Every structure is written in structure tokens, then in C-alpha cells.
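Undergrad: The structure is given below, and queries will be raised subsequently.
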Amino acid sequence: RASTRAAVVEARADSARLHGAVARVERIQNAQTRLAQRIEILEGVVDGRLYWLRLMETLSRTLPSYVWLERVDRQDLGPQEIRIEGASFANAAITDYMRGLEAAPELRDVRLVEVARSRRDSIDIQRFTLVAGAEGWRTPTVGPDSTAVGDGSPREIEPAPSPSKGGAR
């Protein structure tokens, strides 16, 4: 019986000693989870920005001679679509441009919405409008703040430790 009591006392002492370490590990794990969630959000934002850079490069690289762009936008379109407006001297050049865009990994379902004859500086031109799906691009979504407590108010985030004074610079 005395050995059992001694074992219980020792176990309680070990539990009390380890309780602080377990609490620190849990705090670190929670902080890692919050950081991982934030990194995922930031990666989504960066990927979205890089997508548009790659898309503009593709729009430029596939542009045939004697075709020029006048506007690229997403206004009044679905979340994964873009509009490309431009002009050319010939329908064949517009067709070549569409083929180049269809082969691009950043776009899908390139379709001609409109071709209209026009005059610019006494020269006949063909104005065109294309609509395409944005392939590989997703709209970044931001979920609830992972640093918020249950009532939605922000949770205090522990500051990073400050560098030690007097060290090498």
C-alpha cells in the first residue's frame, strides 16, 4: 500500500511537471496551424497574381503580326472568364490568334463573340471580341480569421522574440 501511494505521489509530481510542457506544445501546435492557414491564403493570392502575369505574357506571345489588343477585362463575365478585344486587318490573323490562345495552358474554351468591320484612319479593320475560360486560376477565398476567438474578436498573437542585444551585426 505504501508503494502504491508513493507511485501515485510520483505520478502526480510527473504530471504537474509535464503539464506546462504539454501546454507549451499545444500552443506551438495551434500557432503552427494558424500559420499554415495564413500561408495557404497568401499562396492563393500569389498564385492569382502570377496567373495574370502569365496570362498577359501568353496574350502577347501568341499575338500575330497585324493584330493588336485594345482591352482585356472580366467585367460582367463569370468568375472564371475573361474578355479579349482587339483589331486586325484580316480575319485570318484573328483565327491564328484564336488558335494560339486555344493552345495556351492558361485558357480554355476560347470563343469568338463578335467580329465587326470598322474604319480607322481611312483603313478597313476587323474589330473582334473573344471570351475564354481562365484555366488553372482560382479566385482566392479568405475564410474566417483563424486568429479569432469564438465570438469573432481577434485573439492576441504572441510577438516574435526580439533579437538579443550586443550580438554580432
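Undergrad: Answer with yes or no whether Ser60 is more than 20 Å from Val131 (Cβ to Cβ) and either open to solvent by 90 Å² or more (accessible area, probe 1.4 Å) or of a type in the set (Ser, Thr, Tyr) (or both).
TA: No: the conditions fail for Ser60.
Undergrad: OK, next. Looking for whichever is polar (S, T, N, Q) and closer than 17 Å to Thr129 by Cβ here; the options are Gln37, Gln32, Gln75. Which one fits?
TA: From the options Gln37, Gln32, Gln75, the qualifying one is Gln75.
Undergrad: Just to be sure before I move on: is Ala103 over 30 Å from Val131 (Cβ atoms), surrounded by 11 or more Cβ atoms within 10 Å (Cβ to Cβ) and among the aliphatic types (A, V, I, L, M) in the structure I sent? Working first, answer last.
TA: Values: over 30 Å from Val131 (Cβ atoms): no; surrounded by 11 or more Cβ atoms within 10 Å (Cβ to Cβ): yes; among the aliphatic types (A, V, I, L, M): yes.
When the stated conditions are applied, Ala103 does not pass them.
Undergrad: Something else now. If I ask for residues that are modelled with pLDDT under 95 and among the β-branched types (Val, Ile, Thr), which ones from region 69-93 would you list?
TA: Within region 69-93, Val72, Ile82 meet the criteria.
Undergrad: If you don't mind, there's one more thing I want to ask. Restrict the check to region 58-65 and report whether at least one residue is at pLDDT 80 or above and closer than 30 Å to Ala36 by Cα.
TA: Checked against the condition, which is being at pLDDT 80 or above and closer than 30 Å to Ala36 by Cα, region 58-65 yields no hits at all.
Undergrad: Is it the case, given these coordinates, that Glu85 is under 18 Å from Val131 (Cα atoms) and surrounded by 14 or more Cβ atoms within 10 Å (Cβ to Cβ)? Working first, answer last.
TA: Values: under 18 Å from Val131 (Cα atoms): yes; surrounded by 14 or more Cβ atoms within 10 Å (Cβ to Cβ): yes.
Yes.
The values are calculated or read from the model by the stated rules, or taken from the named source; none is laboratory data. Here the structure is a predicted model, which is why all the values come from computation and not from measurement. All Cβ positions, glycine included, derive from the backbone under ideal geometry; neighbour counts span all protein chains shown. Note: areas computed on protein heavy atoms with side chains; ligands, DNA, RNA excluded. Shrake-Rupley method; radii C 1.70, N 1.55, O 1.52, S 1.80 Å.
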